[in-house]
Structures are given as C-alpha cells and as structure tokens.
1. Restricted to the stretch 52-75, and to residues that are assigned to a loop (DSSP other than H, G, I, E, B) and more than 13 Å from the chain's Cα centre (by Cα), which residue is nearest to VAL16 (Cα to Cα)?
2. Those residues that are of a type in the set (A, V, I, L, M, F, W, C) and under 14 Å from the mean Cα position of the chain (by Cα), I need them from the stretch 19-35; list them, please.
3. Would you please name the residue that is nearest to HIS14 (Cα to Cα), looking only at residues in the stretch 39-75 that are surrounded by 14 or more Cβ atoms within 10 Å (Cβ to Cβ) and of a type in the set (Val, Ile, Thr)?
4. Between a residue in the stretch 27-38 that is under 15 Å from LYS17 (Cβ atoms) and surrounded by 10 or more Cβ atoms within 10 Å (Cβ to Cβ) and any residue that is at pLDDT below 80 and of a type in the set (Asp, Glu), which pairs come within a Cβ distance under 8 Å, given they are 6 or more apart or on different chains?
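The values are calculated or read from the model by the stated rules, or taken from the named source; none is laboratory data. Note that the structure is predicted; figures quoted are calculated from it, not measured. Backbone-built Cβ (ideal geometry, glycine too); neighbour counts: all protein chains shown.
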Amino acid sequence: MGIRRHWGIENRLHWVKDVVFREDDCPLKLAHAPEHWGLIRTWALNLFRLHGEVSITKAQRRVAHDIDALFLLIQ
C-alpha cells in the first residue's frame, strides 16, 4: 500500500512539476529561489486541479494567453 501511495504522489505531483512545469530546467539556483518557485508551481497545480482541469498542459496554455481566464482561476 505504501508503494502505491508513493507512486501516486510521484505521478500526480513530481512528474507534472518536472515535465509540464520543467522544474528541473529552472535556471534559478541561488538562495531560496528554487524553493519559492517550487511553492508557486505547486500552488498553480492545485488551482488547476481545484477547478477540475484534467490536462494541466492545456490549462496552462489556456490561461497563458487569456488574462481574464487567469483572473477567474485565482478568484
């Protein structure tokens, strides 16, 4: 059971942050910047999921070009 929980977390959080948000490619490596940006990415991921988005990639593209959709997401 513990292994399933581990892979559930890996697939729903870490993989998305690594692949969709390209967290490993982030050029910010000094001080607390990686930690802060990691929190921002997790916050964004949770907002997308809270609003029922199935594809994080499609949701990210949608709000990237529509400021009204972005504001609706954070209200």
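1. Checked the stretch 52-75; the qualifying residue nearest to VAL16 (Cα to Cα) is GLY52.
2. VAL19, VAL20, PHE21, CYS26
3. Across the stretch 39-75, the extreme among qualifying residues is THR42.
4. Note: pairs meeting the criteria are TRP37/GLU23; GLY38/GLU23.
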